[in-house]
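Report on the following structure.
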Amino acid sequence: MEQQDIATGPEEHRTTTVEQGRFCVARCSCGWRGPARRARSLARSDAEVHGAG
């Protein structure tokens, strides 16, 4: 279940958060994948850091 789309930067990385069981993972259209988190807010933070970096 996708929770949020975040468009960032000039390269337009499109990130989403996806729930996998008890965990939430941030993913990007460029192929990047963040660590599994129990808190959605941490997965969203991972996505924001990825977009800024």
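Taken together, the values in this text are just the output of simple stated rules run on the coordinates, not laboratory data. Nothing here was measured: the structure is a model prediction, and the numbers come from that model.
The table below lists the values:
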| item | result |
| --- | --- |
| Length added when fully stretched, ARG22-SER45, from 0.36 nm per residue minus Cα-Cα | 6.5 nm |
| Karplus-derived 3J(HN,Hα), 6.51/-1.76/1.60, for each residue of the stretch 13-24, Hz, glycine and proline x | 5, 9, 9, 9, 10, 10, 8, 10, x, 8, 10, 10 |
